[in-house]
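Below is one structure, written out as structure tokens; comments come after it.
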Amino acid sequence: MSTLRLAIVGAGPAGIYAADILLKTERQFDVSIDLFEQLPAPYGLVRYGVAPDHPRIKGIITALREVLDTGRIRLFGNVLYGRDITLDDLKDHYHAVIFSTGAVRDAPLDIPGIDLPGSYGAADFVSWYDGHPDYPRERPLTAREVAVIGNGNVALDVARILAKHADDLLPTEIPANVYAGLKESPVTDVHVFGRRGPMQVKFTPLELRELGELDDVDMVVYEEDFEYDEASKLAIETNKQIMVIDRIFRAWRDQPQTGSSRRLHLHFFAKPLEVVGDDDGVSAFRYERTEPDGEGGVRGTGEIREVPVQAVYRAVGYFGSPLPGIPFDERRGVIPNREGQVIDDNDEPVNGVYATGWIKRGPVGLIGHTKSDAMETIRHLVNDQANWWSPEHPEESAVVELLRERGVEFTNLDGWHNLDEHELALGAAEGRTRIKVVPRDEMVRISNP
Ligand SMILES: Cc1cc2nc3c(=O)[nH]c(=O)nc-3n(C[C@H](O)[C@H](O)[C@H](O)COP(=O)(O)OP(=O)(O)OC[C@H]3O[C@@H](n4cnc5c(N)ncnc54)[C@H](O)[C@@H]3O)c2cc1C
């Protein structure tokens, strides 16, 4: 065999970096790569997760686009693995597949009331404000007081977008209905709750500091949360990131309230107990006050508190979804693998099947981490030639015919360029960088005129 025909499923950063690294890797064979993506647009969570007011991070798209534009990768957009194309189809047309399908669901939080109307997952809210085509466009933003559960960057994104005035988001690429929804929001107080102490947060300093820079939003922190135990003091002395975080909190603790129309409260040592309410909606968030346990963790104090809120957003992590025909670890929400080589229930390698990115490693880490991930996976793929599949129809035209025969309305790279230019033009007309097209059928129509 002189040409590896490779399918990559999922055109987020992990899949695109995998293609790029394979193309640049020294090897004894040619490669021909087809990238399948269920959405009509590539880039995964960089387009549909990263917050619209983080243009520098969204700018990673420029580097990803350069990879696609080398002309050495074919993109098949609007193709869902498991429905439009199956594992047997892939075995018939390729020597191997890499799954880079990420994680798009909210991890569960098992407390009473979590399913009440007015209690939402962060992933749903993020997908709404980032204009994901598969999420309802209408969102009731009627709460004056809101709880956000979680102490990672996604919790901060959610809290920031809720607290920020809609006009301050207008220069970004938010879709028109998102601006309209946020503009109507009567919110005055956004409360973020974390189980552990302020020195145990998973926020990064940059994202935390940004909260204090929002127009007409006062930061509120509570002095009782800042009686540091020995473990916290040690963390401040030995960890530069924690030291910076401590400095940010100090500034807020010293700062008087300015009478802004909105407030963003950070509560620590608060273990979620219950979303209080009834079929008409949420009325409060109940939590137990915790305290340091002396070993870097926390324990409950038995003191129960309640904060009146009319909406609750849980940002307690993302979770991967199983793929038909592919092993899945239900507990961790990932495809079980050894350094990217997928393994079965008996720990045996599954020939020809690899994984990379969040579906390989779990939903933690920044976009840059998916690059080192991809390097590891590609190293195994390249060294594993003896175990690849033997496809009956490896010619590049065969898969195109298959999708056409099935009536799959797929898009390609030219189609994505059409949609991209269309969105940029919509934005330019209003003095904005981009306005996203949201409905899937419209995305496909603009891609394939
Ligand atoms: C809310 C949020 C904000 C974030 N902000 C930042 C940030 O500011 N900076 C930063 O560095 N990182 C950020 N991250 C992390 C970053 O998004 C991830 O590290 C990265 O996107 C993971 O890449 P991935 O390719 O593994 O998955 P994804 O980006 O999720 O890409 C997976 C792709 O696979 C596709 N797919 C899934 N299933 C199928 C299927 N069955 N068939 C075909 N295609 C399929 C999906 O549509 C998607 O396009 C953020 C994450 C979230 C959730």
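The values are calculated or read from the model by the stated rules, or taken from the named source; none is laboratory data. Please read all numbers here as calculations on a predicted model, not as lab measurements. Neighbour counts are summed over all protein chains in view; Cβ atoms, including those assigned to glycine, are modelled from backbone coordinates with ideal geometry. What goes into the accessible areas is simple: the full protein's heavy atoms, side chains included, and nothing from ligands, DNA or RNA. Shrake-Rupley method; radii C 1.70, N 1.55, O 1.52, S 1.80 Å.
Taking the residues in region 22-38 that are within 6 Å of the ligand (Cβ to nearest atom) and crowded, with 23+ Cβ neighbours inside 10 Å as candidates, determine which candidate is farthest from V158 (Cα to Cα). So, considering only residues that are within 6 Å of the ligand (Cβ to nearest atom) and crowded, with 23+ Cβ neighbours inside 10 Å, the one farthest from V158 (Cα to Cα) is F36. The helices (runs of 4 or more DSSP H) found wholly in region 151-210 and carrying at least 2 residues that are in contact with a helix residue (DSSP H, G or I) (Cβ under 8 Å, 6 or more places away or on another chain) and crowded, with 21+ Cβ neighbours inside 10 Å occupy 153-163, 176-184.
Quick one: would you say L80 is touching a Phe, Trp or Tyr at 6+ places or on another chain (Cβ under 9 Å), surrounded by fewer than 17 Cβ atoms within 10 Å (Cβ to Cβ) and touching a residue at least 12 places away in the same chain (Cβ under 8 Å)? Yes; evaluated as a whole, the condition is true for this residue.
Among the criteria (1) under 14 Å from R314 (Cα atoms); (2) within 11 Å of the ligand (Cβ to nearest atom); (3) in contact (Cβ under 8 Å) with a residue 60 or more places away in the chain; (4) in contact with a helix residue (DSSP H, G or I) (Cβ under 8 Å, 6 or more places away or on another chain), the one A123 does not fulfil is (4).
Candidates A19, A51: the one that is open to solvent by less than 20 Å² (accessible area, probe 1.4 Å) and either of a type in the set (V, I, T) or closer than 21 Å to E210 by Cα (or both) is A51. When restricted to residues that are touching a residue at least 40 places away in the same chain (Cβ under 8 Å) and either within 11 Å of the ligand (Cβ to nearest atom) or surrounded by 23 or more Cβ atoms within 10 Å (Cβ to Cβ) (or both), region 55-74 contains 6. Residues that are in a strand (DSSP E or B) and closer than 30 Å to A159 by Cα within region 312-341 comprise V312, Y313, R314, Y318, F319, V334, listed in sequence order. Restricted to region 362-449, the set of helices (runs of 4 or more DSSP H) holding at least 3 residues that are hydroxyl-bearing (S, T, Y) and either open to solvent by 60 Å² or more (accessible area, probe 1.4 Å) or closer than 27 Å to P349 by Cα (or both) comprises 369-383. In the condition set (1) within 16 Å of the ligand (Cβ to nearest atom); (2) over 25 Å from H417 (Cα atoms); (3) hydrophobic (A, V, I, L, M, F, W, C), I114 is compliant with all but (1).
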